[in-house]
Amino acid sequence: MDYIKVCEHLLKKYRERRNHLEETLATGGVSDYAHYQRLVGEVTGLRICEQEIIDLRKNMEEADD
């Protein structure tokens, strides 16, 4: 069951970072287009990572049953 704690910890950290980045984007906190592109890319990457962790956790829980 330790994998659940690891998954939850990673999801929490990724979501905190994603929320911070999305807030920066929403409030106009980007300095130029290159900065905007970097932030959007990071948000996209975090969303992909979150989904992979969710899928992995689901598969591991099903394997435990």
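The values are calculated or read from the model by the stated rules, or taken from the named source; none is laboratory data. Predicted model, so just to flag it, every value in this text is computed and none were measured. Positions of Cβ are backbone-derived with ideal geometry, glycine not excepted, and every protein chain shown enters the neighbour counts. These area figures cover heavy atoms from the full protein model, side chains too; ligands, DNA and RNA do not enter into them. Shrake-Rupley method; radii C 1.70, N 1.55, O 1.52, S 1.80 Å.
Any idea what the relative contact order of the chain is, in percent, if you count C-alpha pairs under 8 Å spaced at least 6 apart?
After rounding, I find 47 percent.
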Gain on full stretching of the segment that runs from LYS58 to ARG38 - 0.36 nm per residue minus C-alpha separation | 4.2 nm
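Order 44-57, 23-36 from most to least packed using the mean count of other Cβ atoms within 10 Å.
The peptides rank, most packed first, as 44-57, 23-36.
For the chain, which whole-number percentage of the solvent-accessible area (1.4 Å probe, protein heavy atoms only) is attributable to carbon and sulfur atoms?
54 percent
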Alpha carbon Rg of the chain, scaled by the compact-globule rule 2.2 N^0.38 Å = 1.39
Give me the accessible area per residue for the chain, probe 1.4 Å, as a whole number in Å².
-> 74 Å²
